[in-house]
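Here's the structure we're looking at; comments come further down.
The values are calculated or read from the model by the stated rules, or taken from the named source; none is laboratory data. Quantities reported herein were computed from a predicted structural model and do not represent experimental measurements. Just the protein is used for accessible areas: all its heavy atoms, side chains included, with ligands, DNA and RNA removed. Shrake-Rupley method; radii C 1.70, N 1.55, O 1.52, S 1.80 Å.
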Amino acid sequence: MLLYTVQFLCSVVATFTRLVRALRKAMATVLCSPPVSMPAASTASSPLSMRRTTKVHPIVSITVGHASKEQQLFAPAVDAFAPCNGSGGVVEQIESTKKAARRRPSMLVIPVVPEASETPAGWGVVVAEKEAEVEVEGEGFCLASRRGARHANEDAYCAITHKVRADSQLAFYGVYDGHGGRAAVDLVSERLGKNVVAAVLATTEPQEAAAVASSSVDATAATIRATYLATDSEFLGQGLRGGSCAATALVKDGDLYVANLGDCRAVMSRDGTATALTSDQTAARGDERARIKSSGGYVSCGTNGVWRVQDCLAVSRAFGDASLKRWVISEPEITRHTLTAGCEFLVLASDGLWNKVSNQEAVDAVSRSNNSGRDNSAGCCKELVDMARSRGSRDDITVMVVDLKRFT
């Protein structure tokens, strides 16, 4: 009995299997039957042969610079009649689609737009934004400047010589180092020297000279101080950002007045010995830190060992810097020196030099150049710039050398 039951079940399964095969064959026949074409108005009707159709979908359009270039990426549609056309089927089409997606797209040529050359306005600016290196030879001075790693040189200079009387000369020299853009250094290089010379000439009267000699207050130093403060107020009044350091020298009637803000420095050679006439005003100075803290500010030292005011600026005195003006003041430190026969030359430079070259090294380099009899007087400045750059300076570097012998 059990044997007959098993035989019956096997026959039922075999019948069901044949039925399923018949149904699949019928469905395949329906799908592969040729479609009925609709007659067109302009052409005669004819049966359409079975063919693979592919749809193209543009999905990307790219515009670069002034040139527009469109690139189309294609997504092929899956052929529903692949089993009837003898192709590899849906799986094969999916694989071919993946391979097409992996193909490298055509190269996009991005046009290079030429940079417009721009020279910043402002009298006394030696280096334009796009210039990498400049050498200047003037009356009684020479200069070299080289741009650092920034896209623009933020250093500048000023030199003014003026004949007061037949036996007296008035000369002004300055080197400036901007930060946070060129706005401050452009204004300071244009205005400060002119303002100082005009103010000093206004107080140069014979009757006032005797009064000044007997006075404990040096009128010329007071004029320089007032001019620094007025120039800073002029810049702040324009609502511009950024700031600038400065080191300036005024020669008047055999006296040398040196003033500075920030880390620009003035060094004089006296019989071949370097004498620093300024002291860098940075947050690393103990007296400057005390002044800032007494004014309600704070000074911090970063992991690189650099002290900064309010975690921001390394210098403690500068033109501009409106947001820090409560602590970063613009009152200069001024010293007066009588020029004698031993006073040879003065080196004014931005911190791009002094961070890598010592005071005595700078004096020695200029002395060697002067003793070599070179025709190019700016060669000594260029040598100092090269020395700082070879030692790893990435800052803007500006060096000015002033001949002091002509005033003694």
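Taking all pairs of different Cα atoms in segment 340-408, averaging 1/r and flipping that mean, what Kirkwood radius in angstroms comes out? Each step should come with its number before you reach the end.
On the way: mean 1/r = 0.0807 Å⁻¹.
Its Kirkwood hydrodynamic radius stands at 12.4 Å.
From the phi of every residue in segment 145-151, what ³J(HN,Hα) in whole Hz does the Karplus formula 6.51 cos²θ - 1.76 cosθ + 1.60 yield, where θ is phi - 60° and glycine or proline is x?
Using θ = phi - 60°, the values come out as 9, 9, 6, x, 6, 6, 6 Hz.
Karplus couplings for segment 383-388 from phi (6.51 cos²θ - 1.76 cosθ + 1.60, θ = phi - 60°), rounded to Hz, Gly and Pro as x?
Once θ is set to phi - 60°, the couplings for segment 383-388 become 4, 5, 4, 4, 5, 5 Hz.
What accessible area, in Å² to the nearest ten, does a 1.4 Å probe give for HIS151?
So the heavy atoms of HIS151 present about 150 Å² to solvent.
Over every pair of different alpha-carbon atoms in segment 255-408, take the mean of 1/r and invert it; report that Kirkwood radius in Å. The partial results should precede the final answer.
On the way: mean 1/r = 0.0596 Å⁻¹.
Kirkwood radius, segment 255-408: 16.8 Å.
Please work out how much length the chain gains when fully extended from SER367 to ARG21, using 0.36 nm per residue of separation minus the C-alpha to C-alpha distance, in nm with one decimal.
Working: separation 346, 0.36 × 346 = 124.56 nm, distance 10.64 nm.
That works out to 113.9 nm of additional length.
For segment 252-320, which whole-number percentage of the solvent-accessible area (1.4 Å probe, protein heavy atoms only) is attributable to carbon and sulfur atoms?
On the way: 1260 of 2640 Å².
Ligands and nucleic acids excluded, carbon and sulfur reach 48 percent.
Just the number please: accessible area per residue for segment 282-340, 1.4 Å probe, all protein chains included, in Å². Mind dumping the intermediate values first?
Details: 2920 Å² over 59 residues.
So segment 282-340 comes to 50 Å² accessible per residue, rounded to a whole number.
Roughly how compact is segment 298-374, stated as its Cα Rg over 2.2 N^0.38 Å to two decimals?
On the way: Rg = 17.7 Å, N = 77, 2.2 N^0.38 = 11.5 Å.
Normalised by 2.2 N^0.38 Å, the Cα Rg of segment 298-374 equals 1.54.
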